1. When the Kirkwood hydrodynamic radius is evaluated over all pairs of different C-alpha atoms of chain D, what value in angstrom, to one decimal, is obtained?
2. In square angstrom, what is the accessible area per residue of chain B with a 1.4 angstrom probe?
3. Over segment A:38-96, what relative contact order in percent results from Cα pairs under 8 Å that are six or more residues apart?
4. What are the label-to-label distances in nm, one decimal and shortest first, from residue C:66 to the same spot in the other copies, with labels 7 Å along Cα to Cβ?
5. With solvent modelled as a 1.4 Å probe, how much accessible area in total do chains C and D shield from it at their shared surface, in Å² to the nearest 100?
6. Residue by residue, what Karplus-based ³J(HN,Hα) values in Hz, rounded to whole numbers, does segment A:30-36 have, using 6.51, -1.76 and 1.60 with θ = phi - 60° and x for Gly and Pro?
7. Treating the angle as unsigned and between 0 and 90°, give the value, to the nearest 10°, between the Cα long axis of helix A:10-23 and the longest Cα principal axis of chain A.
8. Can you list the lysines whose alpha carbon sits under 27 Å from that of residue C:116, skipping same-chain ones fewer than 8 residues off?
Number of protein chains: 4
Amino acid sequence: MTDTDTTTTLMALRHLMAEFVAEREWGKYHSPKNLSMSLAIEAAELMEHFQWISGDESRLAAADPEARQQISDEMADVLCYLFSLANTLDIDLATAVFDKVRRNRLKYPIESFRGKFRADQ
Amino acid sequence: MTDTDTTTTLMALRHLMAEFVAEREWGKYHSPKNLSMSLAIEAAELMEHFQWISGDESRLAAADPEARQQISDEMADVLCYLFSLANTLDIDLATAVFDKVRRNRLKYPIESFRGKFRADQ
Amino acid sequence: MTDTDTTTTLMALRHLMAEFVAEREWGKYHSPKNLSMSLAIEAAELMEHFQWISGDESRLAAADPEARQQISDEMADVLCYLFSLANTLDIDLATAVFDKVRRNRLKYPIESFRGKFRADQ
Amino acid sequence: MTDTDTTTTLMALRHLMAEFVAEREWGKYHSPKNLSMSLAIEAAELMEHFQWISGDESRLAAADPEARQQISDEMADVLCYLFSLANTLDIDLATAVFDKVRRNRLKYPIESFRGKFRADQ
């Protein structure tokens, strides 16, 4: 089901986006400011699918094939703009994620945060 | 500079997130509804860095090391929630991106859209 | 409790914002593009208060005085940017709301939508 | 042009929304969590109008009557959800704005912030 994520590197998708943008000479539109707006707009479109349903209902939202396709599409849009932003700023995303998760492991030690979001709960 | 994106698959990062969430038993909080909100919130925090500057100025925003680190961090946050959402919904992100770009190639043919966003410009 | 909303016109608050911006000569920053970003950023900060709790829990979120103050503050921020945007574009907000609600009354007739969001539910 | 804002109180519009929601028995959907998502979604739709243009261009975006209508519509949507949220939480918006502006006057004294966003610029 999720075979492609297993074999696709982040750079492969970054290259795909870079090529798509370069072919259309859209780099002039792709300032970080504009791309950050685009990313937020797509994130809001993704939210729309879960706007009026409960958290539990949202876990089943992708069971319907049509809804699943639309949700996948919105997630792809978010990702495409994020890759374009990484291309524009020359930021290595995997390094950013590894760093962030490493710091979050220290910030949220397992023994204090198991099953809760605040240490004092 | 961007070596790690060249060697890291999407699934490697998805697994990293899945492990981080499972260790803390945070799956109960990770409904698609909640994750889509989190993603939109992080996207807004990314936008904050470019809020009051022009598009041209935003191209230089990541030149400052401290700003660069903060921007990388926000991008990592967006990505982490996107990976968690993909995990929760079992959606293959690479397939979603390949599909989307393939359709966008048809929707925005190079000859009609070179240097512009609307075919009639 | 809600006395002030009963006696305050939208224009009174628009004037307050116009004065605040003019005194600081911030009009140059207040392009519609920038203001729309600011509004979205504040909307996301408002969402943060309800990010990890259920819909039912969110109905009680403002019972705590400190949380109530923070939520009020975020709502004020959204409103301030909306008033600044109305000032910049010279758009009458009350007219916009009256128009919108009038059209929504036609779009969502009571008999078809009572207790549901889709006519076919 | 902006006559209606001069004569319309915030409570008048809050009542309009309360009536619209009550007639359709939509209160059950109007948790603060859901309304904050809706507000953020509409804010993103407002941003879409300024997504690919510069700040200066965005100052002229509402000159076109059709675009002006669409922008007014999105602003009305933001406002309607904000009024519904104020109704649900029983928060007085005018008080919130007066408080916020009063504190911002102290935070951003005119002499230090005239023409700039940071005191040290």
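The values are calculated or read from the model by the stated rules, or taken from the named source; none is laboratory data. As the structure is a computational prediction, the values presented were derived from the model and not from experiment. Cβ: placed from backbone, ideal geometry, glycine included. Neighbour counts: every protein chain shown. Just so you know, the surface numbers come from the protein's heavy atoms only, side chains and all, with ligands and any DNA or RNA stripped out. Shrake-Rupley method; radii C 1.70, N 1.55, O 1.52, S 1.80 Å.
1. Numbers: mean 1/r = 0.0584 Å⁻¹.
Averaging 1/r across every pair of different Cα atoms and inverting gives 17.1 Å.
2. Working: 5180 Å² over 121 residues.
Each residue of chain B exposes 43 Å² on average to a 1.4 Å probe.
3. Details: 27 pairs, mean separation 25.3, N = 59.
The value is 43 percent.
4. When each copy's label point is compared with this one, the spacings are 2.8, 4.7, 5.2 nm.
5. In total, chains C and D hide about 7700 Å² from solvent.
6. With the stated coefficients, segment A:30-36 comes to 8, 5, x, 4, 5, 5, 5 Hz.
7. Computed tilt is about 40 degrees.
8. B:33, C:100, C:107, D:28, D:33
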